[in-house]
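Only the coordinates and a few stated rules stand behind these numbers; no lab work does. All figures in this text were calculated on a predicted structure; none of them were measured in a lab. A quick note on method: Cβ atoms are made from the backbone with ideal geometry, for glycine too, and the neighbour counts reach across all protein chains shown.
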Amino acid sequence: MVQQVQVTLVSPSGVAIRPLVESALRSELKMIELGLSRTQRNLREFEQKYSMSTPEFYRRLIEDKLQESLDFIEWAGEYKTLLKLQEKRQAQWSGSQMVG
């Protein structure tokens, strides 16, 4: 669930705040995109190593059809990271649309 918040900023010194906020949002979005790229690369490596897609792997893991291993724990962690980063990107993108 995405919550919408309206914030009004007033600069006591008269400095324009909007460009600062827009720049901060762009920087955060860029960091999220870099994280997504790295996470997706890591997931592709696991998929190639085990000849299985990430959704298939995760379904089988949840159904206890795979024996737990260090690689599988890491793979599951990367998948959860991907989902969180996608959620953050969507929220950040929505926020940047409100400012812009």
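Structure data summary
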| item | result |
| --- | --- |
| Packing-based exposure ordering (other Cβ within 10 Å, fewest first) of Asp71, Asp64 | Asp64, Asp71 |
| Phi to ³J(HN,Hα) by Karplus 6.51 cos²θ - 1.76 cosθ + 1.60 over the range 52-66, Hz, x for Gly, Pro | 8, 6, 5, x, 5, 4, 5, 4, 5, 5, 5, 7, 6, 9, 10 |
| Estimated [θ] at 222 nm from DSSP helical runs (n ≥ 4, -39500 (n - 2.57)) normalised by residues in the chain, nearest 500 | -25500 deg cm²/dmol |
| Magnitude of the charge dipole, the range 40-99, Cβ model with Lys/Arg +1 and Asp/Glu -1, debye to 20 | 280 debye |
| Isotropically averaged projected area of the chain, using the convex hull of Cα atoms (one quarter of hull area), nm² | 8.3 nm² |
| Cα lying deepest toward the dipole's positive end in the chain, options Leu66, Tyr79, Gln40, charges on Cβ | Gln40 |
| In order through the range 39-46: 3J(HN,Hα) via Karplus (6.51 cos²θ - 1.76 cosθ + 1.60), integer Hz, x for Gly, Pro | 5, 5, 4, 4, 5, 4, 4, 5 |
| Overall dimensions of the range 40-99 as given by Cα atoms, namely Rg and Dmax in Å | 14.3, 48 |
